[in-house]
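All remarks here apply to the structure that follows.
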Amino acid sequence: PAPFLAFALGLAELGVSVPQVLAHDLHAGYMLLEDLGAELCVAGTPPAPIRDRYLTAVELLADLHVRDLPRTLPDGEGGVRTIPAYAAANYEAEVAVFLDWGVPHFLGRAATDHERESFLASWRPLIAEILAGPATWCLRDYHSPNLLWLAEREGLARVGVLDFQDTIFGHPAYDVASLAEDARVDVPEDLEAELIGTYVAARRAADAGFDEVAFRRAYAILAAQRATRILGVFARLKARDGKPHYLAHVPRLWGYLARVLGEPVLRPLKLWYEEAVPVDRRGGVRFD
């Protein structure tokens, strides 16, 4: 509850529609929150993105990312909460989940020492590039299960945001990738491109010096990083936690990964996947 309270107060102060904290007892672990309803940014069976709502959601990210956001927040209890920042070890540990759980699931064996070493060696310069870039609040779970639509509100306030207690200082491209390559619903390639373009246009309108080329490179790196991590996490949820239903999303994640690995910045990583776990074809990869 403590991180949730701090970020709920901080985001609300920025005008973001988050649940109002009506009452709380952090020591007992209780919190009474405003009910923002149940209208989502997806619709249909299976659920699909509602274009205008996704575009508004990415505009909200752009609006946040043009601000100089603080490194500390009042914790709601009279103290101060320092927002942690991504480090190289965090990114490396996240992609290593794929080695530890994804490779055994998809290939039926443990990753070899060579596979592990070459995989991490491919990631390290990419991670260094991300860490050398700009940093802002990275909400980390900015995707369809955590985005509500508040039709009675106006502008960017129509996007209701949930599940932000793990916010960390990280590259702004991460949350854009989280939305535009939503692990829970199929985001068509043309909509992904429109979301990125809308975000870039908003950032350039606010700052003529915004580096679009660097952002698009970072987007590709973090989209691949996120898909890789989640493939490992979903395999772990099945093997360790007995939750196989997450595997229904695995083909979508492979599709996103195959899509983004076409970017030149990811060439060494693409070669690793083609040799170890081919993602651009189904032969040799177990999806069940």
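The requirement of being in a helix (DSSP H, G or I), small (Gly, Ala, Ser) and open to solvent by 10 Å² or more (accessible area, probe 1.4 Å) is not satisfied by Ala208.
Just checking, does region 128-138 include any residue being open to solvent by less than 50 Å² (accessible area, probe 1.4 Å), under 27 Å from Pro251 (Cα atoms) and either assigned to a helix (DSSP H, G or I) or without any contact (Cβ under 8 Å) to a residue 40 or more places away in the chain (or both)? Can you show your working first?
Just the residues of region 128-138 that are open to solvent by less than 50 Å² (accessible area, probe 1.4 Å), to begin with: 130, 133, 136-138.
Remaining after also requiring under 27 Å from Pro251 (Cα atoms): 130, 138.
Then drop every residue that is not either assigned to a helix (DSSP H, G or I) or without any contact (Cβ under 8 Å) to a residue 40 or more places away in the chain (or both), which leaves 130.
The answer is yes; a qualifying residue exists.
To keep it simple, each residue is scored yes or no on (1) within 22 Å of Val58 (Cα to Cα); (2) of a type in the set (Lys, Arg).
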{"position": "Arg226", "(1), (2)": "yes, yes"}
{"position": "Gly232", "(1), (2)": "no, no"}
{"position": "Arg240", "(1), (2)": "no, yes"}
{"position": "Leu247", "(1), (2)": "no, no"}
{"position": "Ala276", "(1), (2)": "no, no"}
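When you go through (1) at pLDDT below 95; (2) more than 19 Å from Leu61 (Cβ to Cβ) one by one for Asp166, which number turns out not to apply? Every listed condition holds for Asp166 apart from (2). Within region 50-69, the set of residues being modelled with pLDDT of 95 or more and either of a type in the set (D, E, K, R) or open to solvent by 40 Å² or more (accessible area, probe 1.4 Å) (or both) comprises Ile50, Arg51, Asp52, Arg53, Glu59, Asp63, Val66, Arg67.
When restricted to residues that are open to solvent by less than 10 Å² (accessible area, probe 1.4 Å) and among the charged types (D, E, K, R), region 159-170 contains 0.
Within region 231-254, being open to solvent by 10 Å² or more (accessible area, probe 1.4 Å) and closer than 18 Å to Phe119 by Cα holds for one residue alone: Val233. Only one entry of Ala173, Ala110, Ala85 meets the criterion of being surrounded by fewer than 17 Cβ atoms within 10 Å (Cβ to Cβ), in contact with a Phe, Trp or Tyr (Cβ under 8 Å, 6 or more places away or on another chain) and over 27 Å from Asp35 (Cα atoms), and that entry is Ala85.
Here Val185 fulfils each of the conditions (1) outside any helix (DSSP H, G or I); (2) over 30 Å from His105 (Cβ atoms); (3) open to solvent by less than 60 Å² (accessible area, probe 1.4 Å) apart from (2). Filtered by the rule that a residue be surrounded by 20 or more Cβ atoms within 10 Å (Cβ to Cβ) and of a type in the set (Gly, Ala, Ser), region 211-230 gives Ala218, Ala220, Ala223, Ala224, Ala227.
The values are calculated or read from the model by the stated rules, or taken from the named source; none is laboratory data. As the structure is a prediction and not an experimental result, all values here were calculated from the model. Neighbour counts are summed over all protein chains in view; Cβ atoms, including those assigned to glycine, are modelled from backbone coordinates with ideal geometry. Note: accessible area is taken over every heavy atom of the protein model, side chains too, but ligands, DNA and RNA are not part of it. Shrake-Rupley method; radii C 1.70, N 1.55, O 1.52, S 1.80 Å.
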